[in-house]
Amino acid sequence: MNQTLEQLKEYLHKMRQYDHVLTLLSWDLSTLTPEKGVETRMSVIKFFSTEAFRLSTADEYGEMLKTLSEPEQFHTLDEPMQLTVKRYLRDYERFKRVPEEFYASYTEVKTRSERAWEKAKRAADFSQFAPHLEKVISMTKEYVHYMEPESGNLSGKNCAAEGTGSSENASRRDSYDVLLDMYEEGIDSATIDRVFGELKEGLLPLLKKIEESGRPDLSALEGTYDIEAQKKAQDMLLSYIGFDKDAGATAESEHPFTTDLCIGDVRLTNHYNESDPISAMFSAIHEGGHAIFGQNIDPAYRDTALEQVNMMGLHESQSRFYENILGRRRSFWVPIYEKLGELLPQFKEIPLDTFCCAVNDVHPSMIRTEADEVTYCLHIILRYELEKAIFRDDVPVDKLSQLWNDKMEELLGVRPQNDAEGILQDMHWSDGSFGYFPSYLLGSMYDGMFLEALEKEMGSVDTILEEGRIREITAWLNRKIHRYGSRYTSAEVLQRVCGKELSAQPLLDYFYKKYAQR
Ligand code: ZN
């Protein structure tokens, strides 16, 4: 028996207990905690976070990981444990290099910046937020530098073009590439430049064509929709796509999200609007996709790194597959539209074709989260280009608002009238989540590829959906993707499922097939 391995397993189990408590506390904070309990709840979260951070940076933990990563020990481990040791040792060494004092002040600066962002957004005034953003950017650069001391601003040297994001090249990556890799392991800006470039070139003429065909009349959908009825429609949709309600729960929150407590307890939230039932329906389908992923990871991966899927692009590909690739098809609704009418009686008066026009209404708009599936891509490309400008070209913060508006005009042909509908709309930058945005669009590109592979194996998705066999698609995704958790990187998943490397072409094909002949 390998004693160090047994010790590590016990230690990981202990760390997971803390994670579980923290996740539950955060879930509760976002859903049920009453106003007067928030302060206490936050301090409890802070207490457990500190304990968890200590556990993840403790010397004894590092020693166990190092011992097991020695070649003679490493080769005796099974593959899930090898990956666990490799990833956790990398994380351990990274965090260990970040001085505790710096980490504490970085956390505080981010918290303050989030609050400043909220205020500035309400006032639609970027200048209120700019000094905070400047601080967050400079500290994020510093943070990356601590984690990977060899990284830095390599602008002009084009080193990223040679890198694959793997640890062998880690010493040559620039700071933005380090950030990208944190949200989608193995991805780098050279790859993203290539695929986003392909996509942009293909999308701009398509968008022009769609716009020329005019917008549908959606007045039939106007009305007031009962919230309780919307919740029933949500439950129906979730069980239709394969969400296991015995291994999950739902609640209400300001912004919809999904959280994994464990494989048998994956929770999602939604936000309801009396005048817009479609928004909650598609949020439910989206979060349901995230949740189905979490519910179907192989239970054998419990307490290993494989049950935690931190690859946001891959995760987003699953939610967006249900939301866009499946949910926006007429065939998705054919088997359930009558049932929807029973739950939300107004839908009895709305022809299915009108409903489908509404959920596929493509037109340039200011707000990313409200964008249709086509223009959404351009919203992400804009953010990616700006993040590169921030981290690679050191563009001054006070130029960002105008740069944002100029890019909106260039890509979408619309110009924000104020900062609230421009640079202040998303919270990501306020808490230092630079490098996160591209994962949404990477997810969509994976979807184009997954769709191609699925139809090759199972035939027309429309036929499967029309015949009410959506669970067969869910079973295919379970078998090909979900069960492996984070065992494979996204690039490896694409190779295994589609037999090729990342390309924007399948997503473009999907868009052209759907929208070009309208
Ligand atoms: Zn999502």
Original post:
Among the residues of region 20-40, is any among the β-branched types (Val, Ile, Thr), touching a strand residue (DSSP E or B) at 6+ places or on another chain (Cβ under 9 Å) and within 26 Å of HIS428 (Cβ to Cβ)?
Top reply: yes
Subject >> Residue in region 69-79 that is open to solvent by less than 50 Å² (accessible area, probe 1.4 Å), out of contact with any Leu (no Cβ under 6 Å at 6 or more places or on another chain), under 20 Å from TYR484 (Cβ atoms) and outside any helix (DSSP H, G or I) present >> reply: yes
Original post:
Looking at region 289-297, is at least one residue farther than 21 Å from LEU494 by Cβ and either aromatic (Phe, Trp, Tyr) or at pLDDT 95 or above (or both)?
Top reply: yes
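Restricting attention to region 32-44, which residues are assigned to a helix (DSSP H, G or I) and open to solvent by less than 30 Å² (accessible area, probe 1.4 Å)? Working first, answer last.
Going through region 32-44, the residues assigned to a helix (DSSP H, G or I) turn out to be 35-44.
Passing the criteria: only GLY37.
Restricting attention to region 430-469, which residues are polar (S, T, N, Q), under 13 Å from the mean Cα position of the chain (by Cα) and assigned to a helix (DSSP H, G or I)? Walk me through it before giving the result.
If we filter region 430-469 for residues that are polar (S, T, N, Q), which is where we start, we get 430, 433, 439, 444, 460, 463.
Applying the additional criterion that residues be under 13 Å from the mean Cα position of the chain (by Cα) yields 433, 439, 444.
Result: SER439, SER444.
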**OP:** Would you please list the contacts, defined by Cβ atoms under 7 Å and residues six or more apart or on different chains, that run from a residue in region 3-28 that is at pLDDT 95 or above to a residue that is among the hydroxyl-bearing types (Ser, Thr, Tyr) and open to solvent by 30 Å² or more (accessible area, probe 1.4 Å)?
**Re:** THR4/THR67
Subject >> Flag for ARG415 being assigned to a loop (DSSP other than H, G, I, E, B), within 30 Å of PRO131 (Cα to Cα) and open to solvent by 30 Å² or more (accessible area, probe 1.4 Å) >> reply: yes
Original post:
Hey, any hits in region 100-118 for a residue that's surrounded by 11 or more Cβ atoms within 10 Å (Cβ to Cβ) and either assigned to a loop (DSSP other than H, G, I, E, B) or at pLDDT 95 or above (or both)?
Top reply: no
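Would you pick out the residues in region 480-498 that are assigned to a loop (DSSP other than H, G, I, E, B) and in contact (Cβ under 8 Å) with a residue 12 or more places away in the chain?
Kept after step one, since they are assigned to a loop (DSSP other than H, G, I, E, B), are these residues of region 480-498: 481, 485-489.
Hits for region 480-498 are ILE481, GLY485, SER486, ARG487, THR489.
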Subject >> Count - residues of region 266-279 that are away from the ligand (no atom under 15 Å from the Cβ) and not aromatic (Phe, Trp, Tyr) >> reply: 6
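Which residue out of TYR488, TYR484, TYR440 is within 16 Å of the ligand (Cβ to nearest atom) and open to solvent by 10 Å² or more (accessible area, probe 1.4 Å)? Don't jump to the end; show me each part of the working.
Working: TYR488 fails: within 16 Å of the ligand (Cβ to nearest atom); TYR484 fails: within 16 Å of the ligand (Cβ to nearest atom).
Only one candidate passes the filter, namely TYR440.
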**OP:** Scan (1) touching an Asp or Glu at 6+ places or on another chain (Cβ under 9 Å); (2) modelled with pLDDT of 95 or more for the single condition LYS500 breaks and write down its number.
**Re:** (1)
**OP:** Evaluate region 372-390: report whether one residue or more is part of a loop (DSSP other than H, G, I, E, B), open to solvent by 10 Å² or more (accessible area, probe 1.4 Å) and at pLDDT below 95.
**Re:** no
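The values are calculated or read from the model by the stated rules, or taken from the named source; none is laboratory data. Because the structure is a prediction, the values reported are computed rather than measured. Backbone-built Cβ (ideal geometry, glycine too); neighbour counts: all protein chains shown. Each accessible area value is taken on the protein alone, full model and side chains, heavy atoms only, with ligands, DNA and RNA left out. Shrake-Rupley method; radii C 1.70, N 1.55, O 1.52, S 1.80 Å.
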